[in-house]
């Protein structure tokens, strides 16, 4: 039986911090550089191979080995 798999060959990942965590927001935005922009309190839009994706606190932003960012949702 075949199963769908969405695997990433990640090299690094950062979790989106709570809106009030200014220190870690600064770290996240520096890490994303031009690939990210704030869209609201605690929300960041990330440029991914599939287009723009919005990440919320608790979501993970993964930088794959090929240099592309991906957003994975927390559950």
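Read-outs throughout are calculated quantities, based only on the coordinates presented, and are distinct from any laboratory measurement. These numbers come from a predicted model, not from an experiment. Reconstructed Cβ throughout: ideal geometry from the backbone, glycine too, with neighbour counts over all protein chains shown.
Over the residues of the chain, the helix contribution to mean residue ellipticity at 222 nm works out to -4500 deg cm²/dmol, using -39500 (n - 2.57) for each DSSP H run of at least 4.
Once C-alpha pairs closer than 8 Å and six or more residues apart are averaged by separation and normalised to the residue number of the chain, the relative contact order reads 32 percent. In the elastic network of the chain, a GNM with C-alpha springs shorter than 10 Å, the most mobile of 49, 18, 57 is 49.
Hey, in the GNM for the chain with a 10 angstrom Cα cutoff, which one of 42, 58, 11 fluctuates hardest? Per the Cα network of the chain with a 10 Å cutoff, 11 tops the list. Figure legend: label point modelled 7 angstrom from the Cα of residue 68 along Cα→Cβ; residues of region 27-51 with amide N under 12 Å from it are 48-51. Between the Cα long axis of helix 22-32 and the first principal axis of the chain there is an angle of about 50°, rounded to the nearest 10. In whole angstrom, the chain maps to an equivalent ellipsoid with semi-axes of 22, 13, 11, each derived as √(5λ) from the alpha carbon gyration tensor and ordered largest first. Build a GNM of the chain with springs between Cα atoms under 10 Å apart, and of 46, 16, 54 the one that fluctuates most is 54.
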